[in-house]
Every structure is written in C-alpha cells, then in structure tokens.
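A.B. asks: Pasting in a structure now, in structure tokens, and then I'll have a few things to ask.
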Amino acid sequence: MYSKANNYQIANSFLLSLAGKISLFILFATSVYVQAVCRDRGNSRYCIEQLNDFEVVQGSSSSDSLSGQDEYCIISRSGNGSQRREFDVQVRGPFSNSRFYLSNGSQQLPIKLYWKGGMPVSGESRWYEITSNNQIVDNQQGALSCQDQPYSQAYLRADVRHSDFLNATPGAYSGRFSVDLGNGSSQFISLQTITVTVPLQARISKLQDIDLTNARNGNWYFRDADFCVFVSGGRSFDLEVTGEVDNGRRFAMAIPDTSHRINYRFNVIQDNWKVLNGNGTLQGFTGSPQQDCGGGTNTSLRIDSYYTNVINKPSGHYRDVLTLTVTPK
C-alpha cells in the first residue's frame, strides 16, 4: 500500500493547490547460504569458515544500489600449520549479457559481486569487482587460523541497483554460486546460494499543483493534472482518496478555523472517468511497470466544483488535503 498526501487550497480568486510529499517503504532482503569446508592439497590446507547469512538493505541517499556483505574466514597454510600460503579466489555463477544475475523462473535480476581479502601479498586490502566467471583475484596472503587477522579476513558483497530492484517482477530470485579457493590448479569449490526477495511495490509521482483561479468553464470550475502510478509488474491497483476537511460525506475546501466550505469532486481517468464526491475507493486501474512511467504519466485527475458552490462565498483562502492511497492487487 502506498499513500501520498496532497494540499488543496482555494483563495479569494478561488485557488486550488495540489502538492505533497512522497514516502516509499520497501523491505529489501538478501540471504546467502554457504557451507564451511576445508581441503588438503599436497602440502597445503585451505579452509573457508564462519560464513553467515547476510542481508541487503537500502543504501544511503547518495547510493544508487542496495548492498549487503558477509565477513568470513579463509585459511591458507602449509600442512603442518607453520607457514602461510598465498591463494587465489575465483567467484562463478549465473552469467549472461556481461552480468551476473539471479532468476525467478524466466525473470532475471542483475547483481554485482565484489570480493575483498584481508591482506594481499603487496599493497592494501581493497574491493575487487567480479566481472566474469573467468576472473581470478590472485596474490592474496594466506592465514594460519581464523584468529590470524587481518590475513584471515575475507568479504563477499552483493549489490542490486535500485532501478533494477524496483522494476523487477515480485518474487524470490536466487542463483547458485561458487567461490573457488586455492593456488593455481590446486583449487576447491565452496557452493552457495544467493536469494533476493522482491516484494510487491507501488509509488505515486509527478503530481503537480492545481490552481482553480480563473478556471471557470461554463458552469464548472475545474483543472486537470497528470501523474504516474508505478506498480511492480504493471499490476492493477485500487485508489483510495480521503479528504482532511470534515464535511460529512462530501469533499470540501474550507477557510481554516471557520465554517465556510466549498464542495468539490475528485475525478480520475485511465480508460474512463470515475468520480468520487467524498472519501472512498475506486477500482479498476493498471499501474505502470516502469518507475516514473518511463518518463511519462499513466493517470489523470480532475478537481471540479459547480459554480453554485462558489458564488456568494465569503472571500478567503479555502484549502483541503487529500491523501491518495494505492493498493496493488
């Protein structure tokens, strides 16, 4: 469910303003399920331990992606545990069109994978973006145990772009990935599944102010405004409209702290006009599968008032606040 509150005002010359703030609440979650394994190769021992589930959460306002990471332990040492062994890492998984992805049936959700070790042989620890199944991150310093930090520290990160997440069809997306650990051909594989759950989402955008000053046309004062309703997957939705001014069962604008009222109607159209005279819910709309409707709009509203509601009213600033609530079906 998504709500947007909008301010309506009417002044001496009968001004009606529409504005509002957009609030979007989405739950993002990603889990990684992995196994702890050790393998001996010749005189070397390789271990991956302490792998845990991690969650991808909404990024900061300056970020364009959702991100989550897990810190775990890599041991790479001689068989008797006296020397550290250098190691390589290779991450592989579902890959197409130059990107890793998770799948939900035939639907794909692109992701970016990053890996970071505790200490390379030379230089400083840093994130490596994994851009293909053939990429190898080499020359990483081994560790004698998980307590041998920072050498034993390793990190795996998964990023999902906000735009890809919002445009994805709702559902559970998953992919089977492997982290190959070793040195050269002495590798072993630890398998893991990455899962991202995309919830059903909705958003209202592009509502503009409406000014009814000099808006009389025949017997009606009215103005139109176009806006966008995004619903993931382009699903249908219901639209609930509630007014702030208490005027019984009718929408009305009022001069604050007075009893002066001007009744009005709320009209909305996609295929045909639907009308509300007061608080209520309208059905039978279709959301856009694209954020911001791909740069356009997909819904129009009209605020109108019959001229007899307006004439002979006392001068003043009349206003109302409408809350539009979108409920995906």
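None of the figures in this text is laboratory data; all of them are computed from the coordinates on show. What you are looking at is a predicted structure, and each value in this text was computed from that prediction instead of being measured. Note that each Cβ is placed from the backbone with ideal geometry, even for glycine, and that neighbours are counted across all protein chains shown.
A.B. asks: Let's test the formula: R0 of 35 Å, r as the Cβ-Cβ distance of residue 172 and residue 272. What FRET efficiency results, to the nearest 0.05?
C.D. replies: The pair residue 172/residue 272 has a calculated efficiency of 0.45.
A.B. asks: Restricting attention to the stretch 217-308, which trypsin sites (Lys or Arg not before Pro) occupy a DSSP loop and are surrounded by at most 13 other Cβ atoms within 10 Å?
C.D. replies: Filter output for the stretch 217-308: 249.
A.B. asks: Can you tell me the order of 101-108, 168-175 when each peptide is scored by its average per-residue count of other Cβ atoms within 10 angstrom, highest first?
C.D. replies: Going from most to least packed, we get 168-175, 101-108.
A.B. asks: Follow-up question, since we're still on this one. How high is the FRET efficiency between residue 37 and residue 238 when r is their beta carbon distance and R₀ equals 56 Å, given to the nearest 0.05?
C.D. replies: Calculated value: 0.65.
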